[in-house]
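Nothing in this text is a laboratory measurement; each read-out follows from the coordinates by a stated rule. Note that the structure is predicted; figures quoted are calculated from it, not measured. Glycine gets a Cβ as well: all are built from the backbone with ideal geometry, and neighbour counts include every protein chain shown.
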Amino acid sequence: MIMASLQARKGRLRQRYEDQLRLVAGCIPYKFEKNDENKNCKMEKKVLVLMISTPNRDDLVFPKGGWEDDETVSEAACREALEEAGVRGLLDENPLGEWEFRSKSRMNSCNSKEGGCRGYMFALEVTEELESWPEQANYKRIWLSVEEAFKSCRYDWMIDALKKFLLGMNTERTQLCKSADSEDSTAKEHQMYSPSPGCSVKKPSGVHHQLEKSCTNDCVVQV
């Protein structure tokens, strides 16, 4: 099987630390589910968010893990999405933000930075869902509506990250709709005044431009 050649990284020999905090990278994987046609935008799209179960707990979390010293932070986020959730996709290279929190095992410790983490979260548009993945025995993936995802977030930093993700989705949607309206307007003007009937004008939306660079073949970084 394909997964036989893919193994999850173990241990913390290459783990990055800063200010006594363990550096962590993760992502909010998402995909679009097409709904009914909308008069303002050609096709209404519902956003679904992927969360994963955790071993021996009822929590649902976003894929994340240690950022190691032989990879970039975006590569670490892509790797964790593959290892824990079995997904690949298009990663927005701009992080949603950074948050400081404690690992689950140190959640009740408040007297020092021991067990503290600094996490960088990204949005990952899923393009491939693997049937098997390295940590499938420990993590099960669940697709949720945004509303369901908010209800499933146990920690404040997760809620904040999801809010920033949703804000980014709304901003992108507005840009796409404006671009679509502009293209429709340009096409109509062109058909009305152009001396060559049948011509049409198409412009790229400019919202995302895909780079050639790949994150360890697990995702493609977008700007």
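What the table shows:
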read-out: Extension reserve of the Trp157-Trp143 stretch, reckoned as 0.36 nm per residue once the Cα distance is removed; value: 3.0 nm
read-out: Potential extension, Lys45-Leu13 segment - 0.36 nm per residue separation minus Cα distance; value: 7.2 nm
read-out: Chain lengthening between Arg57 and Thr171 when straightened (0.36 nm per residue, less Cα-Cα); value: 37.6 nm
read-out: Segments 73-84, 151-162, 118-129 sorted - mean Cβ within 10 Å per residue, highest first; value: 73-84, 118-129, 151-162
read-out: R0 of 45 Å, Cβ-Cβ distance Glu100-Ser132: FRET efficiency to nearest 0.05; value: 0.85
